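Written below as structure tokens is the structure these notes are about.
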């Protein structure tokens with residue numbers, strides 16, 4: 001991948017050729033012009049790519065990438081990406097890495113059916129990451145950089161209403177499923193986090209908490225490695241107080257319940273329309289309920305374990321429009337203004 005930078009206010013263009021880093025002056029102080037020249041030279045380099053002596057067979061490169069870049073990742077995450085890359089490698093009909101161009105990648109992406117903007121951007125990112133290690137040894141520039149990113153429309157989040165949640169709770173057959181549903185609804189924990197909860201992670205008392213921990217010895221890590229503490233509300237505290245588990249996993253793997261199937265069966269029985277991933281909607285319900293009742297987005301971010309504040313902003317439209325906090329901007333104390 002090429003870069004531009006300033007030397008004495010004059011923009012320079014740096015790139016790789018045959019494994020060596022080279023540079024040239026763009027002879028301009030204007031960043032806009034420098035970026036246009038960078039795009040022009042990148043295109044010229046990509047067209048020359050087929051002549052690289054270090055070119056590599058695309059399928060061989062895919063085999064190497066698959067064997068070296070998914071160590072330590074969660075199996076489901078790795079399997080999903082590998083399937084996408086396999087379709088990509090087979091679908092582009094490119095024999096060599098150098099045969100891949102931005103146009104070829106764009107045509108393959110466009111040929112995929114039912115791809116929305118968010119999925120388009122995700123797959124583009126997977127392909128870009130896939131080709132990044134090939135620069136500069138096998139490719140001068142990453143052709144995926146020229147594929148446009150689509151603007152995804154802002155969507156609100158779906159969640160269960162209070163009446164829907166009560167119906168789901170009533171339809172849940174076993175007590176174990178009811179407790180798992182309650183934890184997701186009242187604490188926002190992901191289903192994987194619930195399944196790895198230990199009795200020792202829950203503390204009862206004046207300040208009751210659920211500790212969400214990484215457990216590498218069990219092959220489980222919290223998303224973004226965001227360990228956190230979530231306080232227990234009175235309703236969840238009451239439900240958990242009836243559990244007889246004193247140590248170890250709250251929900252042992254030896255139990256016969258299958259969380260996804262069991263919750264979907266409860267939804268069907270309750271007559272609640274499925275709006276997406278059932279367990280994740282319980283997590284959305286927790287955050288949505290908090291936002292609707294005036295809990296700050298910063299606090300919700302901490303409880304949810306979001307790695308990026310933008311993720312939490314999805315709930316901002318649910319926050320009350322008026323807040324008494326607005327009175328803090330007054331020059332005079334609020335009591336004086338009220339008297340006046």
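Overview of results
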read-out: Convex hull volume per residue in cubic angstrom - Cα atoms of the range 58-146; value: 94
read-out: Cα centroid of the range 265-306 to Cα centroid of the range 219-255, whole Å; value: 17
read-out: Residue-averaged [θ]222 nm for the chain, counting only DSSP H segments that reach four residues, each worth -39500 (n - 2.57); value: -13500 deg cm²/dmol
read-out: Helix 162-171 axis, angle to the chain major axis (alpha carbon atoms, nearest 10°); value: 80
read-out: Linear extension gain, residue 277 paired with residue 234, 0.36 nm per residue minus alpha-carbon span; value: 12.8 nm
read-out: Förster radius 51 Å - calculated FRET efficiency between residue 209 and residue 115, Cβ distance, rounded to 0.05; value: 0.75
read-out: Per-pair calculated FRET efficiency, R0 = 30 Å: residue 309 and residue 329 via Cβ, rounded to 0.05; value: 0.85
read-out: Sites residue 21 and residue 59 - FRET efficiency at Förster radius 22 Å, r taken between beta-carbons, to 0.05; value: 0.15
read-out: The range 107-213: projected area of the alpha-carbon convex hull, averaged over directions, in nm²; value: 12.5
read-out: Relative pair counts by distance (%), Cα atoms of the chain, 10 Å bins; value: 5, 18, 22, 20, 17, 13, 5, 1, 0
read-out: Å³ per residue enclosed by the Cα convex hull of the range 162-318; value: 120
read-out: Label-point gap, in nm, between residue 296 and residue 166 - each point 7 angstrom along Cα→Cβ; value: 3.3
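Here, each number is a calculation from the coordinates, and none is a lab measurement. This structure is a prediction, so every number in the text was calculated from the model and none was measured. As a convention, Cβ positions derive from the backbone with ideal geometry for all residues, glycine included, and neighbour counts pool all protein chains shown.
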